[in-house]
Amino acid sequence: MTVQILPIAASHIPGFGRALDVVAREKRYRSFLEGPPPEAVRAFVLDNIEHGHPQFVAMAGDEKLVGWCDARPNSKPIYAHSATLGMGLLPEFRGRGIGTRLIRSTLDAARVKGLYRIELTVREANASAIALYRKVGFLTEGMRMDAVCVDGSYENVLFMALLL
C-alpha cells in the first residue's frame, strides 16, 4: 500500500484525532494517556493551518491517516526561533520508513518557515524513536530522571534538539 506524506488539511482532522488517540492509549509514547477531545484536536489543527505551522500526515490510500508530525513554534518572543516536535504512527505502520519521511518533510517546512531550533522530549525506553531522531540530526541535551509515571512504573525522559 502506498503511503503519501501531505500537509495537513481540515479534512484530515477526524483521522488525526483517531490516530492520536490510538497512540496515546498505548501509554508508551505520548504525554497524555488518551486523545484530546475532538474540539481541541480541531482547534490545534486549524491553528496550525492558519498560521502555517509545519504539520504533515501520512495517508495510506485515500482515506486512512496512519501518522503525523508537527513542529509547533513557541509563542514566547525570546523562544520564537524554536518549535516543539510531535509525531506518531499507528503501530502497524511503524518500521517502514514512514516516520523518516514525515520528520524530514516537517523539518524542511520548519526551515522554510525560518525556525532555527527544533526540540522534543522522548522517553528513554523508546529506542526506535531515539534512533530516528538521531538519524536526522537531533542531539541529546539532557535527561529528567523518573519524569514519567504510568501504571506505577517510572521512566526517564530525554531532551533532544536539532539546530537547523
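The values are calculated or read from the model by the stated rules, or taken from the named source; none is laboratory data. Note that the structure is a prediction, hence the values are computed from the model and not measured. Heads up, the Cβs are rebuilt from the backbone with ideal geometry, glycines too, and the neighbour counts pull from every protein chain shown. In case anyone asks, the SASA skips ligands and DNA or RNA and just uses the protein heavy atoms, side chains included. Shrake-Rupley method; radii C 1.70, N 1.55, O 1.52, S 1.80 Å.
Structural remarks
- The orientation-averaged projection of the convex hull spanning the C-alpha atoms of the chain amounts to 9.4 square nanometres.
- Rolling a 1.4 Å probe over the protein heavy atoms of region 22-164, with every protein chain left in place, gives an accessible area that is 52 percent carbon and sulfur.
- Test item: Cα-centred dipole of region 27-94, Lys/Arg +1 and Asp/Glu -1 on Cβ, debye: 380
- Couplings 3J(HN,Hα) of region 33-40, computed from phi: 9, 7, x, x, x, x, 5, 6 Hz, in residue order, whole Hz [Karplus 6.51 cos²θ - 1.76 cosθ + 1.60, θ = phi - 60°; x for Gly and Pro].
- Probe 1.4 Å - accessible area at Lys113, Å² to nearest ten: 90
- Rounded to the nearest 0.05, the FRET efficiency derived from the C-beta distance between Lys64 and Glu124 at R0 = 35 Å is 0.65.
- Isotropic mean projected area of the C-alpha convex hull, region 4-57 (nm²): 3.8
- Farthest positive-ward along region 77-164 dipole, Cα basis, beta-carbon charges - from Thr100, Val122, Ser82: Thr100
- Expected 222 nm ellipticity per residue - DSSP helices of 4 or more, -39500 (n - 2.57), all of the chain, to 500: -10000 deg cm²/dmol
- Counted over region 1-92 with a bin width of 5 Å, the fraction of Cα pairs per bin, in whole percents, is 3, 14, 23, 26, 19, 11, 4, 1, 0.
- Nearest-20 debye value, the chain charge dipole, Cβ charges on Lys, Arg, Asp, Glu: 420
- Each residue was assigned an accessible area with a 1.4 Å probe, and for Ser11 the value is about 100 Å².
- This model, with +1 at the C-beta of Lys and Arg and -1 at the C-beta of Asp and Glu, gives region 81-164 a dipole about its Cα centre of some 500 debye.
- Under the simplified labelling scheme, the Val136-Arg111 pair shows an inter-label distance of 1.2 nm, with each label point 7 Å from Cα along Cα→Cβ.
- For region 152-158, Karplus couplings with θ = phi - 60° (6.51, -1.76, 1.60), whole Hz, Gly/Pro x: x, 9, 8, 9, 7, 10, 8
- Cα-based reach from Lys27 at 17 Å (exclusive), listing aspartates and glutamates while leaving out same-chain residues under 8 positions away: Glu92, Glu124, Asp146, Asp151, Glu155
- Stretched out straight at 0.36 nm per residue, the stretch from Asp146 to Ala43 would grow longer than its current Cα-Cα span by 33.9 nm.
- Largest first, the residues Met59, Met1, Met143 sort by 1.4 Å accessible area into Met1, Met143, Met59.
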